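Have a look at the structure below, then the notes.
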Amino acid sequence: MQQAAADLLAAGVAVRGLTLPGLAEHDDVSEWLDLGHTAAELVALADQAPPFDADPAGALIAAEPELCREGLDLALVWPNGVRFALTAIRDGHDGVRGELTILHGPRRLSWGLCSLSSPAARETLRKKLDATAPDLPWGDYLEEATWTLKQAARQGEPLVTLTGQVRSPTRELLPRFLYEGEPTLLYADGDTGKSLVALALAVAVHSGAALPFGLKAVRAVPAAYLDWETSRDTLDPDISDATAIAFTCTKANNLPRKPEPFGLRFVPGDGTITVYPFDLAEAAPQTVVGAGLPYRVRLALATGSRTIAELAEHLTVPEETVGRVVRRLASKHAVVKDGDAPGAGGRGHAARWKLGDS
């Protein structure tokens, strides 16, 4: 009851302490009214009762404060609303110091740089607080707060006993790429599309859209993109491109006969997004041998310049069969660069699919 009254008092509610006559231990006002007393009598007794004594030297200060870690900052909070917050913490030759903010409820009583181990600094601060809010035992608060915050600032990470048992398995967010609570580093040369890939991943994770190579978020989660190098003028076009990539890849995944496996090629500025076969030139031989003929034709075209006859010889398939496959690819999916015939260009010239075509 004392704590509840103290909390109400700290919230600005007027509190009076009233002991009702004639009640047994643990009885309350309901039993008192059952004895024949009236509500008018209760109001009259309450009007005559003295205001609740917060007992700052006893009840409130005796309550244990709560230590809160807020990122790199610390705070010590009492139940009556007194709060000591320490930020910009440094531990140097003169001890632990930082910006100390003292509040009582919503009211800020003091703020400034403070060396916690300095008796002179604490005494100066106590005098200021006594003048600002004289009803609280600031000497006791300061001793407790400065000691506790100093100890907390110097406390390192706790020792952990390794048992070899997985207690909290890593949760996969984007298969083989992003894991909850762990960083992923994307490393490449300059101007190779790292920022665009990062934005595409952020859009995919945020929207749940599927990207190539099985990169589909297990579930959609909010995404934030942090960039300290460029401006919004640079990022807004990129986010538009990334959104288009995610949308187009979703469309590719929904095609009845999507290219498999497939990668992604995007040329910023021309509005064209195409997918092409993943380069398996270094894959295990059985991987390529076991693939269907259309894929092997596409792979051969993507990794070298070959005529129909050369393709047939390379794949050990009749020319007529290869010709049908190439013509079907050219009519349905292939985008031939600069008017080149299939096989006349470099890597991928006749092995590119425009996702706008179904």
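Remarks
- Answer residue from segment 144-181, given it is surrounded by 10 or more Cβ atoms within 10 Å (Cβ to Cβ) and of a type in the set (D, E, K, R) and is farthest from Thr234 (Cα to Cα) among those: Glu144
- Among the residues of segment 109-130, at least one is of a type in the set (Phe, Trp, Tyr) and more than 13 Å from Ala145 (Cα to Cα).
- Evaluating Asp130 against the criteria (1) surrounded by 15 or more Cβ atoms within 10 Å (Cβ to Cβ); (2) in contact with a helix residue (DSSP H, G or I) (Cβ under 6 Å, 6 or more places away or on another chain); (3) at negative phi leaves one unmet condition, (1).
A quick yes/no check of all residues on (1) assigned to a helix (DSSP H, G or I); (2) modelled with pLDDT under 80:
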residue: Leu162; (1), (2): no, no
residue: Glu182; (1), (2): no, no
residue: Leu201; (1), (2): yes, no
residue: Ala220; (1), (2): no, no
residue: Thr234; (1), (2): yes, yes
residue: Pro237; (1), (2): yes, yes
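- Residue-level check: of (1) surrounded by fewer than 11 Cβ atoms within 10 Å (Cβ to Cβ); (2) among the β-branched types (Val, Ile, Thr); (3) closer than 28 Å to Leu67 by Cα, Thr124 misses just (1).
- Residue match in segment 164-171 (condition: closer than 19 Å to Asp73 by Cβ and either touching a residue at least 40 places away in the same chain (Cβ under 8 Å) or of a type in the set (A, V, I, L, M) (or both)): no
- Residue selection: His93 satisfies the criterion of being farther than 21 Å from Gly71 by Cα, modelled with pLDDT under 90 and of a type outside the set (A, V, I, L, M, F, W, C).
- Scanning segment 203-231 for residues that are under 12 Å from Leu173 (Cβ atoms), touching a residue at least 40 places away in the same chain (Cβ under 8 Å) and surrounded by 14 or more Cβ atoms within 10 Å (Cβ to Cβ) yields Ala204, Leu215, Lys216, Ala217, Val218.
- Any hit, segment 39-54, residues being among the aromatic types (Phe, Trp, Tyr), assigned to a loop (DSSP other than H, G, I, E, B) and at pLDDT 75 or above: no
- Every residue from segment 68-98 that is touching a residue at least 12 places away in the same chain (Cβ under 8 Å), surrounded by fewer than 21 Cβ atoms within 10 Å (Cβ to Cβ) and outside any strand (DSSP E or B): Leu72, Pro79, Gly81, Asp94
- Residues within segment 203-218 that are touching a Lys or Arg at 6+ places or on another chain (Cβ under 8 Å), part of a loop (DSSP other than H, G, I, E, B) and modelled with pLDDT under 80, tallied: 2
The values are calculated or read from the model by the stated rules, or taken from the named source; none is laboratory data. Everything numeric in this text was worked out from a predicted model, so none of it was measured. All Cβ positions, even for glycine, are placed from backbone atoms using ideal geometry, and neighbour counts span all protein chains on display.
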